[in-house]
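*Asks:* What follows is a structure written as structure tokens; I'll ask about it next.
The values are calculated or read from the model by the stated rules, or taken from the named source; none is laboratory data. A quick note: this is a predicted structure, and the numbers were derived from the prediction, not measured. Virtual Cβ from ideal backbone geometry, glycine too; neighbours counted across all protein chains shown. Note: accessible area is taken over every heavy atom of the protein model, side chains too, but ligands, DNA and RNA are not part of it. Shrake-Rupley method; radii C 1.70, N 1.55, O 1.52, S 1.80 Å.
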Amino acid sequence: MAKILHHLSLILIGTILNSLLGLIFYVLVARNLEVSGFGYFSFLLGVGILVAEISDLGSSSALIKFGTKDRFGSIFSLTVIHRILASILIFIGLWAGPSAFVAVSLLLVSLITQSFVALQKYPALVATNILGNLIRLGLTFYLISVGMLTPVSAIGIFALANFIAFVFGAILLAKLKGLTFFRFDQARIIFPEVFAYSRNIAISFGMSSVSAKIDVPIIYFLGGPTTVGLYSSAQKLTSVLSQLAGAIENVFSPKFSNGGNIAHHFKDYFLINGLFAGLLILAIPFTGFLVPLIFGEKYILAIGVLNLLLAGLALFFLTGPLTAFILY
């Protein structure tokens, strides 16, 4: 339990810091664009995130599942091949548009961050994410200062920061594992086992990704960019919560994969997530001043959306331990 708390405290602090840096980026974009402009930016970003999650095909989960022991080089090499092929198809399918760069950048940076999770190298994970967010903020301040911040340029900043974080993380990974973590000769051998695991995960994750991320495109086509801008402002405020849930899972998923006292790990996981779920419900009465304080009075209609999202995320936290237990 002491080791779990150490890993959990480190990754939670890093996740909260990274989430706050990310929120500052979204707030800067929202405040310096019209609501409709922020809605168009959110639409392009949402399409990129959706495509990235569908294109993952369960490979990120497989990287954790099979990369916790001596087969890391094999599964990492296999995931590299997948990322290359997926990136080519994304650029072709999205005509190399802004959303394509978002999707590919997310696939690349997740290759590194999920590798750190599999190896339980949480300081490297936190450092990589912080660097990407700091670069994104620096570029945003620059574009604002020269009057060049637009929905498309903001998307470019998002993708560029991910590419730089990917390079930085790859250097850290090479120092941790050496060049021996490339085992392309073993990728073919491990492929049948990985495919048997990933094919069901790919279907499940694909369906959940579509159901979770299709909201912004649907709202954009039905309600227009202004409606998306209002909706997305509330959504960005809750992004730190979904990242926290993912960070907690990153601590427990390798422990489930390694075996050991799984029942004890599950109990700890459920107690921690239950605490967060209770805090979210208690936070709902205080949202009335939070949205206009952060995003400005033009986003005041997003308060009701935020309350619904908080209630939904409370349930999301409670299902996290069950999902991770079954998956890993």
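*Asks:* If you go through the stretch 130-178 one residue at a time, how many are of a type in the set (S, T, N, Q) and in contact (Cβ under 8 Å) with a residue 24 or more places away in the chain?
*Replies:* 4
*Asks:* Within the stretch 21-53, can you find the residues that are among the charged types (D, E, K, R) and touching a Ser or Thr at 6+ places or on another chain (Cβ under 6 Å)?
*Replies:* The answer is Glu53, and nothing else.
*Asks:* Condition first: in a helix (DSSP H, G or I), open to solvent by 10 Å² or more (accessible area, probe 1.4 Å) and touching a residue at least 60 places away in the same chain (Cβ under 8 Å). Now tell me which residues in the stretch 47-72 satisfy that.
*Replies:* Result: Val47, Ile49, Leu50, Glu53, Ile54, Asp56, Ser59, Lys65, Phe66.
*Asks:* What number of residues in the stretch 75-120 are within 27 Å of Lys177 (Cα to Cα) and among the aromatic types (Phe, Trp, Tyr)?
*Replies:* Matching residues across the stretch 75-120 total 2.
*Asks:* For the stretch 36-46, give me each residue that is touching a Phe, Trp or Tyr at 6+ places or on another chain (Cβ under 9 Å) and open to solvent by 20 Å² or more (accessible area, probe 1.4 Å).
*Replies:* Once the filter is applied, which keeps residues that are touching a Phe, Trp or Tyr at 6+ places or on another chain (Cβ under 9 Å) and open to solvent by 20 Å² or more (accessible area, probe 1.4 Å), the stretch 36-46 yields Tyr40, Phe43.
*Asks:* Just checking, does the stretch 77-88 include any residue being assigned to a helix (DSSP H, G or I), surrounded by fewer than 24 Cβ atoms within 10 Å (Cβ to Cβ) and under 13 Å from the mean Cα position of the chain (by Cα)?
*Replies:* no
*Asks:* Another question about this same structure. Please work out if Gln243 is under 22 Å from the mean Cα position of the chain (by Cα), within 28 Å of Ser60 (Cβ to Cβ) and open to solvent by 60 Å² or more (accessible area, probe 1.4 Å).
*Replies:* It is true that Gln243 is under 22 Å from the mean Cα position of the chain (by Cα), within 28 Å of Ser60 (Cβ to Cβ) and open to solvent by 60 Å² or more (accessible area, probe 1.4 Å).
*Asks:* Identify, please: which residue in the stretch 89-103 is open to solvent by 40 Å² or more (accessible area, probe 1.4 Å) and not in a helix (DSSP H, G or I) and is, among those, farthest from Ile130 (Cα to Cα)?
*Replies:* This residue is Trp95.
*Asks:* Still on this structure, please answer the following. Which of the numbered conditions does Leu315 fail, given that it passes all the others? Conditions: (1) touching a residue at least 12 places away in the same chain (Cβ under 8 Å); (2) surrounded by 14 or more Cβ atoms within 10 Å (Cβ to Cβ).
*Replies:* Just one mismatch for Leu315, condition (2).
*Asks:* Mind counting the residues in the stretch 275-311 that are more than 20 Å from Phe38 (Cβ to Cβ), of a type in the set (Gly, Ala, Ser) and at pLDDT below 95?
*Replies:* Of the residues in the stretch 275-311, 2 are more than 20 Å from Phe38 (Cβ to Cβ), of a type in the set (Gly, Ala, Ser) and at pLDDT below 95.
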